[in-house]
Amino acid sequence: MADRRPSLSDRDRARLFKLHGGVCHICGEKIDGTREAWDVEHVIPRNLLGRFADTDENMRPAHRKGCHSEKSKRDAANLAKAVRREHRHMG
């Protein structure tokens, strides 16, 4: 059974935003936290590390539109490819 994703409080989101300087870890641009939608995003996808992915270093701010959504699509495609490859080699 997969680990449940913990929900982050507004306080934790603000702490992570401040900890990482309010910079989108994907594009490197500053995020205007009051005008732009942003998410806390896992650098290494959570489906690879499980609950061990929920660290301050692995959870960073990212622009919701564009950056986070595109990375999530790439991560899902890469995971699906890895699973197919694993199944093919296991027979």
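The magnitude of the dipole of the chain, with charges of +1 and -1 set on the Cβ of Lys/Arg and Asp/Glu and taken from the Cα centre, is near 320 debye. 3J(HN,Hα) along the stretch 78-84: 5, 5, 4, 5, 5, 5, 4 Hz, from the Karplus curve 6.51 cos²θ - 1.76 cosθ + 1.60 with θ = phi - 60°, whole Hz, x for Gly and Pro. Within the same chain, aspartates and glutamates fewer than 8 places from K73 are excluded, and of the rest, those with a Cα less than 19 Å from its Cα are D39, E41. Taking all protein chains into account, the per residue accessible area for the chain stands at 75 Å² (1.4 Å probe). The computed semi-axes √(5λ) of the Cα gyration tensor in Å for the structure shown corresponds, within [x] 28, 16, 10; [y] 33, 14, 7; [z] 19, 15, 11, to [x]. Cross-link partners of K71 among lysines, defined as those whose alpha carbon lies under 19 angstrom from its own and excluding same-chain residues fewer than eight positions apart: K30, K81.
Per-peptide packing, taken as the mean over residues of other Cβ atoms within 10 Å, places 74-87, 36-49 in the sequence 36-49, 74-87 from highest down. Amide H contacts of V23 (H built 1.01 Å from N, in plane; Pro and chain starts excluded): I31 sit under 5 Å, all sequence-distant by 5 or more or on other chains.
Taking the 1.4 Å solvent-accessible surface of the chain as the whole, the part contributed by carbon and sulfur is 53%.
When a/c reaches 1.5 or more, the comparison of a/b and b/c decides; with that in mind, is the stretch 46-91 rounded, prolate or oblate per its Cα gyration tensor? Because a/c hits 1.5 or more and a/b fails to exceed b/c, the stretch 46-91 counts as oblate.
The values are calculated or read from the model by the stated rules, or taken from the named source; none is laboratory data. All figures in this text were calculated on a predicted structure; none of them were measured in a lab. In this analysis, Cβ positions are derived from the backbone assuming ideal geometry, glycine residues included, and neighbour counts consider all displayed protein chains. SASA here: full protein model, heavy atoms, side chains in, ligands and nucleic acids out. Shrake-Rupley method; radii C 1.70, N 1.55, O 1.52, S 1.80 Å.
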